[in-house]
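So the structure is just underneath, and the comments pick up after that.
Bear in mind that the values in this text are calculations on the coordinates, not laboratory data. As the structure is a computational prediction, the values presented were derived from the model and not from experiment. Backbone-built Cβ (ideal geometry, glycine too); neighbour counts: all protein chains shown.
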Amino acid sequence: MHDTNFKIFGYAWEDIKSMQQGTYKRPTIKKHVGDYGCDPLGDGMYRMFPSGDIVNTEERKRRLGH
């Protein structure tokens, strides 16, 4: 019996076979418009990503749609 979740270096066997045969298609990553996250800096300020802008709490909420 084979484990269907078995991975080799993070890839399923079917993906490895496709890579060997030159038919592998990487999964696409959805592109986001605008900022989609932030890191707190302290004093109520946040660094938005991917833009890198430093904003206050109100602007963070507006950009993230909260």
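Label separation (Tyr11 vs Thr23): 1.5 nm, computed from points 7 Å beyond Cα along the C-beta direction. Since only His32, Met19, Phe9 are under comparison, the one whose Cα sits farthest along the positive direction of the charge dipole of the chain, derived from C-beta charges on Lys, Arg, Asp and Glu, is Met19.
Give the residue list of chymotrypsin sites (Phe, Trp or Tyr not before Pro) in the stretch 1-54 that are DSSP loop and have at most 15 other beta-carbon atoms within 10 angstrom.
Answer by residue number: Phe6, Phe9, Tyr24, Tyr36.
Quick one: putting +1 on the C-beta of Lys and Arg, -1 on the C-beta of Asp and Glu, what dipole do you get for the chain around its Cα centre, in Debye to the nearest 20?
Numbers: 11 positive and 9 negative charges, 58 e Å.
In debye, rounded to 20, the chain gives about 280.
Contact order for the chain, expressed relative to its length and based on alpha carbon pairs under 8 Å spaced 6+ residues apart, stands at 19 percent.
Would you list Ile54, Ile8 from fewest to most Cβ contacts within 10 Å? Provide the component values of the computation, followed by the final result.
Working: Ile54 12, Ile8 9.
Listing Ile54, Ile8 from fewest to most nearby Cβ atoms yields Ile8, Ile54.
Which is the longest stretch in the chain that no exposed loop site breaks, taking sites as trypsin sites (Lys or Arg not before Pro) with a DSSP loop state and at most 13 other Cβ atoms within 10 Å? The segment 32-66 is the longest one with no such site.
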